[in-house]
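**Q** Structure below; questions to follow.
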Amino acid sequence: MQAQQELYIGLMSGTSMDALDAVLVDFQGSQPKLLQHIDTPLGEPLRSELIALCKPGNNELHRLALADRQFAELSAELVLKLLQVAGYRASAIQAIGSHGQTVRHMPEAISPYTVQLGDPNTLAALTGIPVVADFRRKDIALGGQGAPLVPAFHDALFRQQAADANAIAILNLGGIANISVLQAQNNEVLGFDTGPANTLLDLWFQLQHPDAADTFDRNGDYAASGKVIDRLLEKLMQDPYIRQAPPKSTGREYFNQQWLEEYLEQLPHWHGADLQATLAEFTAQSVAHGLQQCQVDSIEKVYVAGGGAFNRDLMQRLRHNYPQANWHSVAELGVDPQHLEAMAFAWLARQYMLRQPGNLPTVTGASRATVLGGLYLP
């Protein structure tokens, strides 16, 4: 270990709830350096329980408390494995930035709230490393959406690329799609959740292929085999969330199987592949609509991260729906598309330790910038 290293761990499990990602990042240089990454499936029955907790159910307070501990235990196992693989002691790590698993995100409730599971006390105790967690609620307390939080990291990481163009966008295609728009002429950052990405695509693929080896539409092959249902797509694009002006954020609480079934009830008949194609086109068109909502003169480049970056069919649809920009992977900027979000929470932990703001009021709608999260000592 080199004495000058400044090491943080980031943990992220997104809306897709397919896996937990852990990254080890060195922030000593001018740009953060990803030293090691590792992931693990959430596994059953934990994954099913987390999905179930996204909507009201019986005895949910007890079930939530159990899942809170279980997710923290899984997180601790992954951190210890990461350290072993990377060859570092726990004492070398400044802090863990733990996003936790979101099970309710209700920024439009009468009293707005958001809930992420993964008890940071348990995580700190089991790893022996300070944990920074609970990143979203301070922003909500200040009148913000509490999401998305990654645009601040995108700005810190990719500002130089924005200086070389009129404007660039970073698009994360996780369970939900979110954008960050960086403009060259000023330091203002725009960003919000545009709508669903992999959440509905994975859901429908799994319903149609319950025995498949993959839990997702690899390369978008299933969607590519279908034909877009224009009548349904038009209705989807009129959904209130898509038409809502930013700041806005969403999640599985809104875009879920019940939401989809309500639209399907309006169709006399449909084929599985055609619906997959329609959902893929819906993702692409809602992203394009979101980029247009930013009202930036010229977004010259869009860099894509998240699992959706590997979906060839979806990427073709995005290029078709927003042809005025050149489309790239964030890999071209030296960042693995699968690990950008986890790196963001390592960065947010560092921001907390430095007592620096982690949110962007222009993105979340909060009344001011603020330090996010709380510190939990081992």
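The values are calculated or read from the model by the stated rules, or taken from the named source; none is laboratory data. Keep in mind it's a predicted model, so treat the numbers as computed, not measured. Using ideal geometry, Cβ is built from the backbone for each residue, glycine included, and neighbour counts are taken over all protein chains shown. Accessible surface is based on the protein model in full, side chains and every heavy atom, while ligands, DNA and RNA are left aside. Shrake-Rupley method; radii C 1.70, N 1.55, O 1.52, S 1.80 Å.
**Q** Give the residue that is modelled with the lowest pLDDT, with candidates limited to residues of region 174-186 that are touching a strand residue (DSSP E or B) at 6+ places or on another chain (Cβ under 8 Å) and surrounded by fewer than 24 Cβ atoms within 10 Å (Cβ to Cβ).
**A** Of everything passing the filter in region 174-186, A184 is modelled with the lowest pLDDT.
**Q** Taking the condition of being assigned to a loop (DSSP other than H, G, I, E, B), under 18 Å from I96 (Cβ atoms) and open to solvent by 10 Å² or more (accessible area, probe 1.4 Å), how many residues in region 358-378 meet it?
**A** Here the count works out to 4.
**Q** Can you find a residue in region 340-350 that is of a type in the set (F, W, Y), closer than 26 Å to Q31 by Cβ, part of a helix (DSSP H, G or I) and open to solvent by 50 Å² or more (accessible area, probe 1.4 Å)?
**A** Looking for residues that are of a type in the set (F, W, Y), closer than 26 Å to Q31 by Cβ, part of a helix (DSSP H, G or I) and open to solvent by 50 Å² or more (accessible area, probe 1.4 Å), one finds none in region 340-350, hence no.
**Q** Do we find that G14 is within 27 Å of P337 (Cβ to Cβ), at pLDDT 95 or above and open to solvent by less than 30 Å² (accessible area, probe 1.4 Å) in this structure?
**A** no
For every residue, the table says whether it meets (1) over 19 Å from the mean Cα position of the chain (by Cα); (2) among the polar types (S, T, N, Q).
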{"site": "Q276", "(1), (2)": "yes, yes"}
{"site": "L279", "(1), (2)": "no, no"}
{"site": "V287", "(1), (2)": "no, no"}
{"site": "Q295", "(1), (2)": "yes, yes"}
{"site": "G308", "(1), (2)": "no, no"}
{"site": "N321", "(1), (2)": "yes, yes"}
{"site": "S329", "(1), (2)": "no, yes"}
{"site": "F345", "(1), (2)": "no, no"}
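**Q** Pull up region 150-173, narrow it to residues that are under 14 Å from M343 (Cα atoms) and touching a Ser or Thr at 6+ places or on another chain (Cβ under 9 Å), then point me to the one that is most open to solvent (accessible area, probe 1.4 Å).
**A** D155
Table: residues versus (1) of a type in the set (D, E); (2) buried (at least 19 other Cβ atoms within 10 Å of the Cβ).
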position	(1), (2)
K33	no, no
T40	no, no
P56	no, no
A65	no, no
D68	yes, yes
E73	yes, no
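**Q** Restricting the search to region 195-218, which residues are under 20 Å from the mean Cα position of the chain (by Cα), among the polar types (S, T, N, Q) and open to solvent by 30 Å² or more (accessible area, probe 1.4 Å)?
**A** T215
**Q** A follow-up question, please. Check whether at least one residue in region 132-149 is surrounded by 24 or more Cβ atoms within 10 Å (Cβ to Cβ), charged (D, E, K, R) and not in a loop (DSSP other than H, G, I, E, B), and report yes or no.
**A** Taking every residue of region 132-149 in turn, at least one turns out to be surrounded by 24 or more Cβ atoms within 10 Å (Cβ to Cβ), charged (D, E, K, R) and not in a loop (DSSP other than H, G, I, E, B).
**Q** Considering only region 17-31, how many residues are closer than 16 Å to V79 by Cα and either surrounded by fewer than 19 Cβ atoms within 10 Å (Cβ to Cβ) or free of Cβ contacts under 8 Å to residues at least 40 places away in the same chain (or both)?
**A** Adding up the residues that qualify gives 2.
**Q** A further question on this structure: Can you list the helices (runs of 4 or more DSSP H) lying wholly within region 224-279 that have 3 or more residues being out of contact with any Phe, Trp or Tyr (no Cβ under 9 Å at 6 or more places or on another chain) and surrounded by fewer than 18 Cβ atoms within 10 Å (Cβ to Cβ)?
**A** 230-237, 257-264
**Q** Then there's this: So which residues in region 103-131 are open to solvent by less than 30 Å² (accessible area, probe 1.4 Å), within 16 Å of the chain's Cα centre (by Cα) and hydrophobic (A, V, I, L, M, F, W, C), if there are any at all?
**A** V103, L117
**Q** Next question. From the list R317, R355, which one is under 22 Å from I96 (Cβ atoms), among the charged types (D, E, K, R) and either open to solvent by 60 Å² or more (accessible area, probe 1.4 Å) or touching a helix residue (DSSP H, G or I) at 6+ places or on another chain (Cβ under 6 Å) (or both)?
**A** R355
**Q** Counting just the residues of region 207-223 that are assigned to a helix (DSSP H, G or I) and touching a Phe, Trp or Tyr at 6+ places or on another chain (Cβ under 8 Å), which one comes out nearest to A277 (Cα to Cα)?
**A** It comes out as Y222.
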